[in-house]
Amino acid sequence: MSNEIKMVEAPAGVAGEGFFATQIDQVVGLARSKSLWPLPFATSCCGIEFMATMAPHYDLARFGSERPSFSPRQADMLMVMGTIAKKMAPVLRQVYEQMAEPRWVISVGACACSGGIFDTYSVLQGIDKIIPVDVYVPGCPPRPEQILDGIMKLQELVKNEPMRRRNSPEYKALLASYGIIVN
Amino acid sequence: MSDVLVKSVADKYAELIKQKENEDGSELSILNLGPTHPATHGIFQNVLLMDGERIVEAESTIGYIHRAFEKIAENRPFYQITPLTDRMNYCSSPINNMGWWMTVEKLLKIEVPQRAQYIRVIMMELARIADHLVCNSILAVDAGAFTGFLYVFQYREKIYEIYEELCGSRLTTNMGRIGGLERDLSDTGFRKLKAFLKEFPAAFKEFEDLVSRNRIFMDRCIDVGAISAEKAIAYGFTGPNLRAAGVDYDIRISNPYSSYQDFEFDIPVGKSGDTYDRYCVRNSEIWESVRIIQQAFDKMPKGPYHADVPDYYLPPKEEVYNNMEALIYHFKIVMGEIPVPKGEVYHSVEGGNGELGFYLISDGSRVPYRLHFRRPCFIYYQAFAEMVKGHLLSDAIVMLSSMNVIAGELDS
Amino acid sequence: MALANEIILQKIQEKFGESVKNFTEPYGLITFEVDKSKVIDLLQFMRDDETLRFNFLTTLCGVHYPDNEIESQFAVVYHMHNWMDNVRVRFKTYLNGENPEVESATNVFLTANWMERETYDFYGIIFKGHPDLRRILNMDEMVSFPMRREFPLEDGGRTDKDDRYFGRLPNNENLN
Ligand code: SF4
């Protein structure tokens, strides 16, 4: 074990004696991206791969997601893993609605992305039919490395997200197109 | 929608609540547990009627990941059904795969060479270990012992690595072919297997030392969710959950398949059928599985790894790329244009959770006319509502984990 | 092997006579048909008889044969298992295509409860006397029975399965 502590790189800014000036967007983005609390919404096989991702071999905690938050109210990142049947869809939607802004969604696995191999009457053909998705992770099931890659992609998104995005009319329109009302 | 359901159950409970109130003035409350509750691994909904911390009545609802396996199976040729079986009990996919191939081989009357059978046994037992490891370590997590989980999960990764040597994937293995295996287990595979056999027992011993005699764990598990042997049989229990109740029914012994008769192993049984017995039976089964794998590894016969059935067995890839005939054969087999007799077969294997049966009706066409899966989880989960009665809420969680209900298998 | 197939045959024929027929043995598993009015008696007899001792109902499932005559368009297939002698049997009962109804086995085997609910859910077969015959896997709002042969497998709502994506229609350029 090395004692070396790695720090993230500071965003671009002006530094002088005793001060450092930069954009608040970037600082907030940086902080957020390194402490995303996941809400694992694991229904089936992909959930087992998520277990492997949490376990020591792959160790999701390295990416600032140490604490899986099982309450939607305190989660930032909804990870949907596994088949979502039509019977389950309203539940997923409710969970999404209960999350506080800002919230991100990762759809893990072919099933969550598109229905996967289950093109049947009982399976929802992709969760993006009911909630907006930020990152899609393909695979059936995706390897833990892929899931980690998906999370890193999301971190990138989070880092560069403008502060005002969630208040913008475009974002509201997006939610409205899913029938989710924001006040 | 789930609100509607909760309400309908609540209406059913209304009478009981009133009656109880009249009796001694105590108040019962309704609690909806699931379908996405962090403590339940998988998608189960239970609407509970609670008297304080105690469960008075329970009503289970399932079907939250119903994926219509049986309907899909009626529309797919044989080779495309294995991916479905993977996703049934996804903690032990190889057992499902092999069970399905054996059903097909039974229908087509194909004899599988010894070497393939032995490798299949190794894979199935590895799968059983992986399955039981998940169940027991998660049970420990639910009882508050997180460390055990971290210890043994490392070894599940090792098992996955061995799968990868044979089929290339980790979880949804899609392993095997009609008549044998798609490739021989490579030298690397054997090396990894050997390393696993050497390292795993020590690590698993550590897990047992850590958890099995832990006072808190024992208090949480002993006498929780006991079920008698008669009840268990009536409810259709099979597998470790039944053996925990003291019945030594194991298909590997009663109807040996894939050369299980060549190996020496015991069937561990419990006594009272409670959570602790289920835990112990699974643990002992892991040891037995290690024993079987060791024997199969030592006795591994030489020879071909698949039967000589060009009508059903996919030709090797180099041929397919370079040879017209082979390409046509490949195409035909994958599309299901293979000679299939009419008939019906039932074949069962000892899955991670019990008797995993396949009932196949073939009408001679390229797809099964009907394929019914006997899914052990689905059948024994119906006892859960009765078993939790009178227990504390926290005990219900432990019971659920110890029964190892896999959502994919439950909801088909 | 204590219990030979002949003995089973003989026992059952003795007791049920005309109501059982078509004995076959595909792949070594005794198979026969039984009249739908006798199913429960048969289950009970098979379980309680001293020599038969079929103590375990392995599985129960439905089958749909839309091409048969109306009287036999549905079948319910029971698999039983005698653990003491390790013998299995399978029997079927054929039901009417318009109103498939059969007695429920829940009083004989508790485990039949969910199996019958599943069969009802898939095929709409009514099990008379079942304590709680509701849908189990599918949504309660569903009206049709998905495992009937005429029911389509695929979800109708997919928009990406457009033939134009595969170049099968001339107006490829109009993709959007
Ligand atoms: S994508 Fe594949 S592995 Fe993941 S839930 Fe779907 S079927 Fe299972």
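Please find, within region B:205-216, the residue that is farthest from the other protein chains (Cβ to nearest Cβ) out of those that are in contact (Cβ under 8 Å) with a residue 12 or more places away in the chain and open to solvent by 50 Å² or more (accessible area, probe 1.4 Å).
Checked region B:205-216; the qualifying residue farthest from the other protein chains (Cβ to nearest Cβ) is B:216.
For every residue, the table says whether it meets (1) in contact with a strand residue (DSSP E or B) (Cβ under 7 Å, 6 or more places away or on another chain); (2) more than 14 Å from chain C (Cβ to nearest Cβ); (3) buried (at least 21 other Cβ atoms within 10 Å of the Cβ).
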{"residue": "B:346", "(1), (2), (3)": "yes, no, yes"}
{"residue": "B:364", "(1), (2), (3)": "yes, no, no"}
{"residue": "B:386", "(1), (2), (3)": "no, no, no"}
{"residue": "B:394", "(1), (2), (3)": "no, yes, no"}
{"residue": "B:409", "(1), (2), (3)": "no, no, yes"}
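Taking region C:105-144 on its own, how many of its residues are open to solvent by less than 60 Å² (accessible area, probe 1.4 Å) and outside any loop (DSSP other than H, G, I, E, B)?
13
Scan region A:83-101 and tell me whether some residue there is open to solvent by 20 Å² or more (accessible area, probe 1.4 Å), within 16 Å of the ligand (Cβ to nearest atom) and assigned to a helix (DSSP H, G or I).
No: region A:83-101 contains no residue that is open to solvent by 20 Å² or more (accessible area, probe 1.4 Å), within 16 Å of the ligand (Cβ to nearest atom) and assigned to a helix (DSSP H, G or I).
Among the residues of region A:55-82, write down those that are closer than 25 Å to residue B:155 by Cβ, away from the ligand (no atom under 16 Å from the Cβ) and crowded, with 21+ Cβ neighbours inside 10 Å.
Across region A:55-82, the qualifying residues are A:60, A:65.
Residue A:141 fails exactly one of the following numbered conditions: (1) at the interface with another protein chain (Cβ under 8 Å from one of its Cβ atoms); (2) under 22 Å from residue A:61 (Cα atoms); (3) surrounded by fewer than 23 Cβ atoms within 10 Å (Cβ to Cβ). What is the number of that condition?
The single condition residue A:141 does not satisfy is (3).
Hey, could you check region B:217-270 for residues that are on the phi > 0 side of the Ramachandran plot and open to solvent by less than 20 Å² (accessible area, probe 1.4 Å) and say which is nearest to the other protein chains (Cβ to nearest Cβ)? Break it down into steps so the answer makes sense when it comes.
Just the residues of region B:217-270 that are on the phi > 0 side of the Ramachandran plot, to begin with: B:223, B:225, B:236, B:239, B:246, B:258-259.
The next check asks that each one be open to solvent by less than 20 Å² (accessible area, probe 1.4 Å); those that pass are B:225, B:236, B:239, B:258-259.
Values: B:225: 17, B:236: 3, B:239: 13, B:258: 17, B:259: 18 Å.
My answer is B:236.
Among B:262, B:250, B:223, which is the only one that is assigned by TED's automatic domain parsing to the domain that holds residue B:201, more than 20 Å from residue B:120 (Cβ to Cβ) and among the acidic types (Asp, Glu)?
Just a single option satisfies the conditions, and that option is B:223.
Working only within region B:41-72, note down all residues that are among the hydroxyl-bearing types (Ser, Thr, Tyr) and away from chain A (no Cβ under 11 Å).
Listed by number, the list holds a single entry, B:60.
For region B:292-315, state whether one or more residues are in contact (Cβ under 8 Å) with a residue 40 or more places away in the chain, within 14 Å of chain C (Cβ to nearest Cβ) and in a strand (DSSP E or B).
No, the conditions are met nowhere in region B:292-315.
What number of residues in region B:267-295 are more than 25 Å from residue B:235 (Cβ to Cβ) and more than 18 Å from the chain's Cα centre (by Cα)?
The qualifying residues number 5.
Looking for something out of contact with any helix residue (DSSP H, G or I) (no Cβ under 8 Å at 6 or more places or on another chain) and at pLDDT below 85 - is there at least one such residue anywhere in region B:207-218?
no
Which of the residues belonging to region B:162-190 are without any contact (Cβ under 8 Å) to a residue 40 or more places away in the chain, within 16 Å of the ligand (Cβ to nearest atom) and among the hydrophobic types (A, V, I, L, M, F, W, C)?
B:167
Given A:126, A:109, A:47, which one is within 16 Å of the ligand (Cβ to nearest atom), within 13 Å of chain B (Cβ to nearest Cβ) and free of Cβ contacts under 8 Å to residues at least 60 places away in the same chain? Steps first, please.
On the way: A:126 fails: within 13 Å of chain B (Cβ to nearest Cβ); A:109 fails: free of Cβ contacts under 8 Å to residues at least 60 places away in the same chain.
After applying the criteria, what remains is A:47.
Search region B:392-412 for residues being of a type in the set (S, T, N, Q) and outside any helix (DSSP H, G or I), and hand back the single one that is nearest to the ligand (Cβ to nearest atom). Reasoning before the result, please.
The initial filter retains those residues of region B:392-412 that are of a type in the set (S, T, N, Q), namely B:394, B:401-402, B:404, B:412.
Add one more test, that the residue is outside any helix (DSSP H, G or I), and what stays is B:404, B:412.
Details: B:404: 18, B:412: 13 Å.
Checked region B:392-412; the qualifying residue nearest to the ligand (Cβ to nearest atom) is B:412.
The values are calculated or read from the model by the stated rules, or taken from the named source; none is laboratory data. All of these numbers come straight from a predicted model, not from anything done at the bench. Glycine gets a Cβ as well: all are built from the backbone with ideal geometry, and neighbour counts include every protein chain shown. SASA here: full protein model, heavy atoms, side chains in, ligands and nucleic acids out. Shrake-Rupley method; radii C 1.70, N 1.55, O 1.52, S 1.80 Å.
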